[in-house]
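Undergrad: My structure is below; once you've seen it, I'll send some questions.
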Amino acid sequence: MQKGNIGVTTENIFPVIKKFLYSDHEIFLREMISNAVDATQKLKTLAERGEFKGEMGDLTVRVSLDADKGTLTFSDRGIGMTAEEIDKYINQIAFSGVTDFLDKYKDNANAIIGHFGLGFYSSFMVSDKVEIVTRSYRDDAVAVKWSCDGSPSYEIEEVEKADRGSDIILHISDDCKEFLEKERIQSLLDKYCKFMAVPIAFGKKSEWKDGKMQDTEEDNIINDSEPMWTKAPSSLKDEDYKTFYRKLYPMQDEPLFWIHLNVDFPFNLTGILYFPKIKSNIELQRNKIQLYCNQVFVTDQVEGIVPEFLTLLHGVIDSPDIPLNVSRSYLQSDSNVKKISTYITKKVADRLSSIFKDDRKDYETKWDDLKIFIHYGMLSQEDFYDRAKDFSLMKDTEAKYFTYEEYRTLIKDNQTDKDGNLVYLYANNLEDQYAYIEAAKQKGYSVLLLDGELDVPMVSMLEQKFEKSRFTRVDADIIDRLIVKEDQKKTELTEEQTDNLSQAFRSQIPSMDKANFYVEVQSLGSEGQPVVITQSEYMRRMKDMSRYQSGMAFYGRMPDSYSMVLNSDHPLIQRVLDDEAAKCDEALKPIRAEIKGLEARLAVLRQEQAKKKPEEVTQEEKDDVSNTEKSVSEQKDKKSQVISDYAKGNEIIHQLIDLALLQNGMLKGPGLAAFLKRSVDLIK
């Protein structure tokens, strides 16, 4: 028997391994099976080179549990080890046998996955004691047993072992008993090992027999050793890709389409990326791409390799060239990562472009689901915008699709304002903005439908990209002011009439939480709507953008700002004007006269004071101005009260306000009930 100390520079490497080298204890299972697969792949390589002439036989890697003994065992029929190799590769931490092997057999050893000599020692994260019973493939080999209890001390002794290969026996520690549960091991095998390149068996398959589940004689193979991404795309059908997707994501809808990656220069990369259907919150869709290293699962945190916008994709990437740390759990900074990211971006763009060119009709049917990927990419990556602008589409309210250039050509003649700006009209809700959309169509305008999760920031970006262009929502203003082609026609009402009409309507607008209304009077033609509510494009967009940019949260807290535009040409507004004059004129005459006199006096007082230096104005003169201003304000309040009292009893004013609110989905609760009752009464 040989005894000795493991060659490490620290007194005890194992606490270091437990605490720092491995991010999660469950990683040990992946490392144990990876080592077994490595050993098996090495044997295959030697056989291919004619250096091993024996029978290969069954190469299945086996995982077995013995809860009574408290052991978890990993067995392979691979290359095995001699006592000298154990001393070199196990006792000398961080000296990898794989490195030597790759140097010697670099032409046909690509499937060997171990990069570091520390993988084996992850077993001590969950074990009080670890044993290796191994026999080399060499004809004259003697089987040996290595054991270590978690200290730097180890023992090696000769034992009997009929077959080549290795058994790694972990004596699970008391605080890790979860790894003696069949369900726990099965779940980890599914997570890390379901696509490893050598068959892996865990127990036997079971079937229902004699009223209970019973084990059969057939091995329970947990992995697919030839997954889809390792096969040539030409050998696969659409249904094969869909079946594989269902295997990866059992509860997901069918994907839109997929991209099969296969490159061997200047780095090795294979994989399949799927475009899923995203129903809502994009944040919930991340981390669905699985990263593998020679068919061994590494992580689903792929932000370092896949561009941010493509983390919305689902699928698999497999590359031996992605640099990993000793636990294979975290990506390290490396130029290869940047190259891979650039390659994937280009590959995705090329695939989208080819689908668009080859079958535009099919591409259009997928666009509503697809656009969130493309928009996210255009917003987050400048070079992707340049690639995608030719196959990014715009959809109008009649469900027709256009490229950016096609749509520009469509609207440039009719939707250019008097200053030469091209105006893109859009809606984000077909039902809520129906009347505004119809008004635009009657003018011969085209209206885009922008109802996607990222359309708000997209609009701001496109305004910067498109020359002399702006985007305006159809309810941002009255139709004649959305695209101003000539100077606006002025109302023929006097200033007095405009003020009185505005006050009458303003006084009757119901109070709403976080909403401010401004009333204005415009000449919109007798055929136009009597009352239209619009919302400032700038303020609404700032509030929308506050959801995406924390620095704009101030706008999110501001109340919504609306304009209520009264059409002075409409017969109903004329009726209100005439009725108001008839019923209020008598009461307003003395008030108007008083205001006129007070304002004349105020003008004289100010004129007199303007001739003096500030220090020459007496307190009495200042008080005179202040008292006159106060009197003017009181008389104006008196005038407003007369108009408000009149408006309170005018059913037409209330009906027109409620109709405008109803059109914008803003009439609810008691206000809606009152409107319905009033409408019935008016019909009687």
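The values are calculated or read from the model by the stated rules, or taken from the named source; none is laboratory data. These numbers were taken from a predicted model, which means no experiment stands behind them. Virtual Cβ from ideal backbone geometry, glycine too; neighbours counted across all protein chains shown. Surface accessibility is based on the protein's heavy atoms, side chains included, excluding ligands, DNA and RNA. Shrake-Rupley method; radii C 1.70, N 1.55, O 1.52, S 1.80 Å.
Undergrad: Rounded to two decimals, what is the ratio between the C-alpha radius of gyration of the stretch 410-529 and 2.2 N^0.38 Å?
TA: 1.23
Undergrad: Test of the criteria: in the stretch 463-526, which chymotrypsin sites (Phe, Trp or Tyr not before Pro) are in a DSSP loop and have at most 10 other Cβ atoms within 10 angstrom of their Cβ?
TA: The qualifying sites: there are none.
Undergrad: Same structure, new question: Could you tell me which residue out of 436, 420, 407 lies farthest along the dipole of the chain toward its positive end? Charges go on the beta carbon: Lys and Arg +1, Asp and Glu -1, centred on the Cα centre.
TA: 420
Undergrad: State, in angstrom, two size descriptors of the stretch 592-684 derived from its alpha carbons: Rg to one decimal place and Dmax to the nearest whole number.
TA: 22.7, 69
Undergrad: Mind pulling the angle between the C-alpha long axis of helix 455-465 and the longest principal axis of the chain? Nearest 10 degrees, somewhere in 0 to 90.
TA: Roughly 80 degrees, rounded to the nearest 10.
Undergrad: Next question, about the same structure. Tell me, what % of the accessible area of the stretch 416-500 is carbon and sulfur with a 1.4 angstrom probe?
TA: 43
Undergrad: Please list the equivalent ellipsoid semi-axes of the stretch 390-443, computed as the square roots of five times the alpha-carbon gyration tensor eigenvalues, in descending order and whole angstrom.
TA: One finds semi-axes of 19, 17, 8 Å for the stretch 390-443.
Undergrad: Still on this structure: Please tell me which of these pairs span more than 18 angstrom C-alpha to C-alpha: 366/400; 145/182; 412/441?
TA: Check vs 18 Å cut-off fails for 145/182.
Undergrad: Angle check, please: helix 571-610 long axis (alpha carbons) against the longest principal axis of the chain (alpha carbons), in degrees 0 to 90, nearest 10.
TA: 80
Undergrad: Write down the accessible area per residue of the chain in Å², having rolled a 1.4 Å probe over the full set of protein chains.
TA: 50
Undergrad: Sticking with this structure for a sec: Provide the percentage of antiparallel DSSP beta bridges, counting only those with both residues in the chain; round to the nearest 5.
TA: About 75 percent, rounded to the nearest 5.
Undergrad: Please list, by residue number, every one of the GluC sites (Glu not before Pro) in the stretch 461-493 that is coil in DSSP and has at most 11 other beta-carbon atoms within 10 Å.
TA: 467, 486, 492
Undergrad: Give a quick list of GluC sites (Glu not before Pro) in the stretch 337-433 that DSSP marks as loop, anything other than H, G, I, E or B, with at most 12 other Cβ atoms within 10 Å.
TA: Passing sites in the stretch 337-433 are 398, 431.
Undergrad: A further question on this structure: Solvent-accessible area of residue 277, probe 1.4 Å, all protein chains present, reported in Å² to the nearest ten, please.
TA: 90
Undergrad: Counting every Cα pair in the stretch 340-420, what percent are over 16 Å apart?
TA: Here the tail beyond 16 Å accounts for 56 percent of pairs.
Undergrad: Need one number: nm distance between label points at residue 621 and residue 243, each 7 Å from Cα along Cα→Cβ, rounded to one decimal.
TA: Label at residue 621, label at residue 243, 10.0 nm between them.
Undergrad: Mind checking the full-extension length gain between residue 56 and residue 153? Use 0.36 nm per residue of separation minus the Cα-Cα distance, one decimal, nm.
TA: Separation in residues times 0.36 nm, less the Cα-Cα distance, equals 31.4 nm.
Undergrad: Give the average over all directions of the projected area of the C-alpha convex hull of the chain, one decimal, in nm².
TA: Averaged projected hull area, Cα only: 50.5 nm².
Undergrad: Calculate, in nm to one decimal, what residue 451 and residue 210 gain on full extension: separation in residues at 0.36 nm each, minus their alpha carbon distance.
TA: Result for the pair: 81.0 nm of gain on full extension.
Undergrad: So what are the three principal axis dimensions of the stretch 515-664 from its Cα atoms, in whole Å, longest to shortest?
TA: So the extents along the principal axes, rounded to whole Å, are 56, 51, 25.
Undergrad: Output the pairs from 277/346; 514/589; 395/668; 53/88 with a Cα-Cα distance over 29 Å in this structure; if there are none, say none.
TA: 514/589; 395/668
Undergrad: Whole angstrom only: what separates the Cα centroid of the stretch 638-667 from the Cα centroid of the stretch 589-622?
TA: 36
Undergrad: By how many nm would the segment from residue 442 to residue 232 lengthen if fully extended, with 0.36 nm per residue of separation less the alpha-carbon distance?
TA: Extending this stretch completely gives an extra 70.1 nm.
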